[in-house]
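A short write-up of the structure that comes next.
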Ligand code: NDP
């Protein structure tokens, strides 16, 4: 007998989650604020609940996927949570996850927070990575259900960790997108087609990413010696990058924070270190919780 599962929120993502559960043979109860979105799922065999409270009542495992956290808190507030496991897949911040975890566990339920690193079309397939944090026993107990949604990975008992990893991955992605956007603007300033430049950029970035394992080891060990490329070497390159940007009529502002960080690293005596030395320079003395 498979666990029965509830999905609250049937937007693009919630509908994909519910469909994957149905495909995997789970008895699935669904609820959405505007009821029409439950109809295609009901046609596939889902039970459409009239209220969120009724949907929560229906299953020991309640998956929440709404637009923002405030809505998730509101929707969960009406339900009898005691004894259930709440899996919260709405995107939010670590602080929001910790607060909601306190609320849910305060009502006698177990809590997992999740970060979906996939688009709805990938849900139900192994390439959909879903990060979870929070109650480890609840994760172990429901691992099979969660595996029907994608590849589940538990990243720690603190419920804030899945959103932290999720946002850190987005952070890395936006840094890369910023670099690509700026680089393409530079070549296009000479009317070079972006499609000519893109394969070079992709190959170059792929090669540069091979420095990540070494940078990760360096920052974990606090040992920053390098025989590859020093902070000073990069710092020396920056005035040329910025001057070229200005000469070509391209806004250099995406480069300036990196220039400032390199300047700060050299000024504080880390010019001979590898680029991983920039990482601790970003940390403030105390994180605000
Ligand atoms: P949608 O905009 O498609 O759906 C939003 C959902 O939230 C709908 O079910 C909507 O209900 C519901 N909702 C909004 N306001 C309220 C409210 N006040 N009370 C009750 N329900 C409310 O978003 P997605 O499904 O795409 O995204 C859901 C979550 O998943 C977001 O946190 C998103 O960041 C995350 N996510 C989405 C990805 C994607 O590619 N789509 C990728 C990774 C994460 P109604 O239908 O009645 O408006």
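Observations
- Rounded to the nearest 5, the antiparallel percentage of DSSP beta bridges internal to region 83-181 is 45%.
- If R0 equals 51 Å, the separation of the Cβ atoms of residue 256 and residue 3 corresponds to a calculated FRET efficiency of about 0.45.
- Distance from region 185-215 to region 218-265 (C-alpha centre basis), Å: 16 Å
- Computed on the chain, the Cα convex hull volume stands at 168 Å³ per residue.
- DSSP-defined beta bridges in the chain - what % are antiparallel, rounded to 5: 25 percent
- Fully extended contour minus Cα-Cα distance, from residue 105 to residue 220, at 0.36 nm per residue: 38.1 nm
- Highest average packing first - 2-10, 234-242, Cβ atoms within 10 Å: 2-10, 234-242
- Both radii come from the Cα set of region 45-169: Rg as radius of gyration, Rh as Kirkwood radius; their ratio Rg/Rh reads 0.94.
- With a Förster radius of 41 Å applied to the beta-carbon distance between residue 207 and residue 93, the computed FRET efficiency rounds to 0.75.
- The protection proxy used here, the mean number of other Cβ atoms lying within 10 Å of each residue, ranks peptides 12-19, 24-31, 96-103, 122-129 as follows, highest first: 12-19, 24-31, 96-103, 122-129.
- Full extension of the chain between residue 178 and residue 197 gives 5.3 nm of extra length, using 0.36 nm per residue less the Cα-Cα distance.
- Over every Cα atom in region 1-45, the radius of gyration and the widest Cα-Cα span, Dmax, amount to 9.6, 31 Å.
Computed from the coordinates by the stated procedures, all read-outs in this text should not be read as laboratory data. It should be emphasised that the depicted structure is a prediction, and the values quoted were computed from it without experimental measurement. Neighbour counts are summed over all protein chains in view; Cβ atoms, including those assigned to glycine, are modelled from backbone coordinates with ideal geometry.
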